[in-house]
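Notes for the one structure printed next.
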Amino acid sequence: MGVYNMLNIAIVDDEPAHRDILTKYIEEWKNHKHLNISLETFDNGEAFYFLWCQEQRCDVLFLDIMMDKGNGISLARKLREKGTAITIIFTTGIADYMQEGYEVEAMHYLLKPLDKNKVWECLEKCMRKKSSDTQTLLLPTEDGLIKINTEKLCYIEAMDRYCHLSYENEPLRVKVGIREMAAKLEQTADFMFCHRSYLVNIRKISKVGRQDLIMDNGDSVPVSRRLYKKVYEQFIKIMIGDNHL
């Protein structure tokens, strides 16, 4: 998952018809909202769990409870035992598992046949949750810890094992390397590398040039030839998306 990636969704259901209709509803919601979403489908919990243990790349899991190969509740318990905060939404034809759902902190139950409006409501809730989870960072400085709001972060410059942050109207120096900062910002679509030594908040760019980016605060940030196309495309995508909300 790249620094500028978004919501990663997985569907685990052993019935192709249910996977297909849920995929259709999610794709329609994605297009309606003009969002960048990754979607993967699995016909059994073991396949999902194997891949998740390798990559841990999932924000939202639509999980069937009753499957021929394994039980959705058991998979949810295994995930929670690993300490993951994946948002779990159970899909089922039987409303008899409410207590187990509380135990694994499921966000919602969707009864089959699935209703598109209810699926969309769940997705909206997931986006709000992720937004609130990823807006703040707690970072170490020479004087202790500081909490920042990522929406107010303009760009980040690598300085050896430290980073210089252009934050609101005051520069900050934090005891975090540029790669670690990229990992911390991985859950938001707004940040990406524009140069090997710079991470930039796409929403804070006012002009994209061939050799540099002009930020909203007037600062100039270098953009490499290798990354120019990606930065330009992501800038256009986010700006178009904002104008359609």
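Test each condition in (1) open to solvent by less than 90 Å² (accessible area, probe 1.4 Å); (2) farther than 25 Å from F235 by Cβ; (3) in a strand (DSSP E or B) for L165 and report the one that comes out false.
Failing condition for L165: (2).
Kindly indicate the residue of the stretch 42-82 that is open to solvent by 40 Å² or more (accessible area, probe 1.4 Å) and under 17 Å from M107 (Cβ atoms) and also nearest to the chain's Cα centre (by Cα) among those meeting that condition.
Ranking the qualifying residues of the stretch 42-82, first place goes to R80.
Could you tell me how many of the residues in the stretch 154-196 are on the phi > 0 side of the Ramachandran plot and within 24 Å of the chain's Cα centre (by Cα)?
Final tally of qualifying residues: 1.
Only one of these conditions is not met by R179: (1) part of a strand (DSSP E or B); (2) among the charged types (D, E, K, R); (3) closer than 30 Å to E55 by Cβ. Which number is it?
Against the list (1) part of a strand (DSSP E or B); (2) among the charged types (D, E, K, R); (3) closer than 30 Å to E55 by Cβ, R179 comes up short only on (1).
Can you name the residue in the stretch 112-162 that is in contact with a Leu (Cβ under 8 Å, 6 or more places away or on another chain) and basic (K, R) and, of all such residues, is least open to solvent (accessible area, probe 1.4 Å)?
That would be K130.
Mind checking whether some residue in the stretch 168-177 is open to solvent by less than 60 Å² (accessible area, probe 1.4 Å), within 20 Å of M239 (Cα to Cα) and in contact with a strand residue (DSSP E or B) (Cβ under 9 Å, 6 or more places away or on another chain)?
No, that holds for no residue.
Please determine, by comparing only the residues of the stretch 17-41 that are open to solvent by 30 Å² or more (accessible area, probe 1.4 Å) and of a type in the set (A, V, I, L, M, F, W, C), which one is modelled with the lowest pLDDT.
Looking at the filtered set, the residue picked out is L35.
Kindly establish whether A95 is open to solvent by 60 Å² or more (accessible area, probe 1.4 Å), within 14 Å of the chain's Cα centre (by Cα), of a type in the set (A, V, I, L, M) and at pLDDT below 85.
Spelling it out, it is not the case that A95 is open to solvent by 60 Å² or more (accessible area, probe 1.4 Å), within 14 Å of the chain's Cα centre (by Cα), of a type in the set (A, V, I, L, M) and at pLDDT below 85.
Give the stretch 6-16 a look and list any residue that's assigned to a strand (DSSP E or B), at pLDDT 95 or above and not small (G, A, S), or say none.
Within the stretch 6-16, I9, I11, V12 meet the criteria.
Looking at the stretch 41-54, can you tell me whether even one residue there is closer than 23 Å to K118 by Cβ and part of a strand (DSSP E or B)?
For the stretch 41-54, residues closer than 23 Å to K118 by Cβ and part of a strand (DSSP E or B): present.
Considering only the stretch 19-35, state which residues are within 21 Å of T92 (Cα to Cα) and touching a strand residue (DSSP E or B) at 6+ places or on another chain (Cβ under 7 Å).
Those that are within 21 Å of T92 (Cα to Cα) and touching a strand residue (DSSP E or B) at 6+ places or on another chain (Cβ under 7 Å): R19, L22, T23, I26.
The values are calculated or read from the model by the stated rules, or taken from the named source; none is laboratory data. This is a predicted model, so every value here is computed, not measured. Here the Cβ is made from the backbone with ideal geometry for all residues, glycine too, and neighbour counts use every protein chain on show. Side chains are part of the model used for accessible areas, which takes the heavy atoms of the whole protein and leaves out ligands, DNA and RNA. Shrake-Rupley method; radii C 1.70, N 1.55, O 1.52, S 1.80 Å.
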